[in-house]
Amino acid sequence: MSLTFHWFLPTNGDSRHVVGGGHGTPATAFGRNRPPTVAYLSQIARAAEDLGFVGVLTPTGAWCEDAWLTTAMVSRHTERLKFLVAFRPGFVSPTLAAQMASTFQRQTGGRLLLNVVTGGESHEQRAYGDFLDKDARYRRTGEFLQIVRDLWEGKTVDLSGEHLQVEDARLARVPDPVPEVYFGGSSPIAGEIAARHVDVYLTWGEPPAQVAEKIAWVRGLAAKEGRTVRFGIRLHVITRDTAEQAWTEAHKILDGFDPDTVKSVQAGLARSESEGQRRMLALHSGNREDLEIHPNLWAGIGLVRGGAGTALVGSHDEVAERIKEYHALGIDEFVLSGYPHLEEAYWFGEGVLPRLAAQGLWQHPFAPTSTPAAQVPFTS
């Protein structure tokens, strides 16, 4: 089975520096260096498609552009690339969401993936009119996914749940294919929802031992539900021809972090209700020292960015080895990003993917097997 790689659409802006945002923190000024125009995001999307990424993730929240509208526009500039659209169940009715997904599938030729984000920050949710607490939001997500999945199967749905109620709900046209559902969460109730409803469980880039624990946890819960779940991981990447070049780039990024910005972002993230964010913060505790928390796994990004805060840093061979290490644990999908996203897509796509292809772990999803990029490792 070929590994699956996705890239990231920076709808909060892009830069040669880390653009912050997420989990209640605003996007940093660096996001204005390359504004998230349709033209620029389409450049990234076309590069990802050419290089062999299956899809691109778009974030959700007040700190970025709307994912549904942006991906619908960018999709017109690509042919086969899928869009992993992040959305929050509390902001739209389940019947409308099911209809939107169905329409997206028809209009793009089946290129939608859904990343369900329950929402870890109550103050941000309240800005959108959602006043449920965190556990209640997860229970609502479960009801939401139950309704949506039944509608996608062509069923007429009547449900009177704790948080959602629909009567005689039905889609005139069901999606074909049905979009796969991606989902992440580290709290106990998040694991329960994943086990019952999702196709791919996503974890942020923790060290392999912690990732292994998460996989075993969710896999066990899914088995009790009579289901199997695939696993993916969300990471940044800084990969170069040599390890020295990659770490020089990482240190240059770190040197660009303003101490006051780090302090402000860390104070904001410390208030987060997200268990996943708490685990991310514990990897560095706000300190600039000892940020390599596992060979080639660097926690520096998390000093100024909420959510995914770790990066694979090293030579192309080293990054390929770390990917193999995560794959051995059960990770089959990798959702990656790097600053700036256009250039880093090429560094990874031309440097790491050919090495994985040469070992039989990856093949270009859109190109003939004779494609040079799938056979000949990139060298400087």
Completion exercise
Expected field for Trp63, accessible surface area in Å² at 1.4 Å probe radius, rounded to 10, holds 50 Å²
Completion exercise
Carbon and sulfur atoms account, in whole percent of the 1.4 Å probe accessible area of the stretch 157-251, for 47 percent
Problem - Over the chain, relative contact order from alpha-carbon pairs under 8 Å, at least 6 apart, % - result: 20 percent
Practice task
Whole Å is fine, so just give me how far the alpha carbon centre of the stretch 201-241 lies from that of the stretch 135-186.
Solution key: 24 Å
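Pulled fully out, how much extra length does the chain show between Ala136 and His77, if you take 0.36 nm times their separation in residues and subtract their Cα-Cα distance?
Details: separation 59, 0.36 × 59 = 21.24 nm, distance 3.90 nm.
Here the answer is 17.3 nm.
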Completion exercise
Subtracting the Cα-Cα distance of Val174 and Ala223 from 0.36 nm times their residue separation yields 14.8 nm
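Subtract the Cα-Cα distance of Asn287 and Leu361 from 0.36 nm times their separation in residues, and report this length gain in nm to one decimal.
Numbers: separation 74, 0.36 × 74 = 26.64 nm, distance 3.61 nm.
So the extension gain works out to 23.0 nm.
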Completion exercise
Long-range amide H partners of Gly161, meaning residues 5 or more apart or on another chain whose placed amide H is closer than 5 Å, are Val166
Problem - Helical mean residue ellipticity (222 nm; -39500 (n - 2.57) per DSSP H run of 4+; nearest 500) of the chain - result: -12500 deg cm²/dmol
Exercise for the section: Starting at the first residue of the stretch 131-136, write each ³J(HN,Hα) from the Karplus equation 6.51 cos²θ - 1.76 cosθ + 1.60 with θ = phi - 60°, in whole Hz, x for Gly and Pro. Expected result: 10, 6, 7, 4, 4, 5
Exercise for the section: Using a cut-off of 9 Å between beta-carbons, work out the net charge of the residues near Ser102 (Lys and Arg +1, Asp and Glu -1, Ser102 not included). Expected result: +1
Handout entry: Amide hydrogen neighbours beyond the local backbone of Arg234, cut-off 5 Å, H modeled
Key = Thr203, Trp204, Gly205, Val335
Practice task
Return the long-range amide H neighbours of Phe83 (sequence gap of 5 or more, or a different chain), with a cut-off of under 5 Å between placed amide H atoms.
Solution key: Val56, Leu112, Leu113
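Of Lys82/Lys214; Lys134/Lys155; Lys214/Lys324; Lys155/Lys214; Lys214/Lys263; Lys214/Lys252, which pairs sit farther than 28 Å apart, going by alpha carbon to alpha carbon?
Working: Lys82/Lys214 26 Å; Lys134/Lys155 30 Å; Lys214/Lys324 18 Å; Lys155/Lys214 33 Å; Lys214/Lys263 30 Å; Lys214/Lys252 32 Å.
Flagged as over cut-off: Lys134/Lys155; Lys155/Lys214; Lys214/Lys263; Lys214/Lys252.
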Practice task
Using only Cα atoms, tell me the angle between helix 243-255 and the longest principal axis of the chain; keep it within 0 to 90° and round to the nearest 10.
Solution key: 70 degrees
Exercise for the section: Please give the per residue accessible area of the chain, computed with a probe of 1.4 Å over protein heavy atoms only, in Å². Expected result: 41 Å²
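The values are calculated or read from the model by the stated rules, or taken from the named source; none is laboratory data. None of the values given here were measured: they were computed from a predicted structure. With ideal geometry, Cβ positions are generated from the backbone for all residues, glycine too; neighbour counts draw on all protein chains shown. These accessible areas exclude ligands, DNA and RNA; they are computed on the full protein's heavy atoms, side chains included. Shrake-Rupley method; radii C 1.70, N 1.55, O 1.52, S 1.80 Å.
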